[in-house]
Amino acid sequence: TDFGYARVRLDEKQDRVNEVFRSVAKRYDLMNDLMSGGLHRAWKSALISTLRPSRTRPLRLLDVAGGTGDVAFRALEAGGPDTHVTVLDINEAMLAVGRERAGAGRGDRIDFVAGNAESLPLPDGAFDAYTIAFGIRNVPRIEAALAEAHRVLAVGGRFLCLEFSHVDVPGLDRIYEAYSFRVIPRLGEWVAGDKESYQYLVESIRRFPRPGAFARMIEEAGFARVTHKPLSGGICAIHSGWKI
Ligand code: SAM
């Protein structure tokens, strides 16, 4: 059936994504800095400022597609002693880098869990906040991931998604296109020896829904007060929603 065919293609997409991140895991953090000119740090800081973890009250944060732990470490730094982060990722190679970065010292404030955003191995209502940074674009069934985000959040919990978006500033759009299609794949080849993975990256950004359409998907998953704000002229956006 058509449905069966579509499922095979989605599974293939996930296999492809897993291969990309398995092969870049060790150089992932370096590549991020190179490709974004360090900007990914500012975007992640913007995500944490939006989350605004309390320094006094407990926070149970789930960071999905958390990879090497970048968002998690920032949240732990910004939050208080009762901030706990669960980093979930489908890729063991990425998690291994994260665990190594966490090292000792962070005690029991962070844990790393292997799992799929589309079917989280976690109980209902267990988290106060759900973040996903540069992750949802890689998940084949976005609706399934959003439904799972809603399920694992407690009532009053917040969903925050940082993702590449659509540049809508005249002039910047052309520079961005040129950068994406000429520079990124070459950088990928040069640093990670892997041009195709980075071509995939650029394609996946182009195919991702526009900010308004993505906001509607978040609403359809059951979230309320859904908003989005562009960062750096729309190169990225932060989408926010609440479970009420
Ligand atoms: N959040 C990190 C950051 O901002 O640096 C990592 C982002 S990285 C671009 C995307 C991550 O999504 C990879 O670590 C990949 O393994 C993970 N991923 C892809 N598909 C996934 C899925 N279905 N469920 C969970 N994680 C997934």
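Every number here is computed from the coordinates shown, using simple stated rules; none is lab data. Treat the numbers as computed from the prediction; the structure is a model and nothing was measured. Cβ atoms come from the backbone with ideal geometry, glycine included; neighbour counts cover every protein chain shown.
Since only 61, 84, 47 are under comparison, the one whose Cα sits farthest along the positive direction of the charge dipole of the stretch 46-146, derived from C-beta charges on Lys, Arg, Asp and Glu, is 47. A simple spin-label model places pseudo-atoms 7 Å from Cα toward Cβ; at residue 181 and residue 169 they are separated by 2.2 nm.
Dipole size in debye (nearest 20) for the stretch 2-242 around its Cα centre, Lys and Arg Cβ +1, Asp and Glu Cβ -1? It would help to have the intermediate numbers written out before the result.
Working: 32 positive and 31 negative charges, 121 e Å.
Rounded to the nearest 20 debye, it is 580 debye.
Starting from the Cα of residue 7, move 7 Å in the Cα-to-Cβ direction to define the label point; list residues of the stretch 121-143 whose amide nitrogen is under 15 Å from there. Those under the cut-off are 141.
Using R0 = 41 Å, the C-beta based FRET efficiency linking residue 225 and residue 191 works out to 0.50.
Give me the distance between the Cα centres of the stretch 112-145 and the stretch 174-244, rounded to whole Å. One Cα centre to the other: 17 Å. Label-to-label distance, residue 54 versus residue 42, with points set 7 angstrom from Cα along the beta-carbon direction: 3.2 nm. For the stretch 62-167, GluC sites (Glu not before Pro) meeting the loop criterion (DSSP other than H, G, I, E, B) and having at most 15 other Cβ atoms within 10 Å: none.
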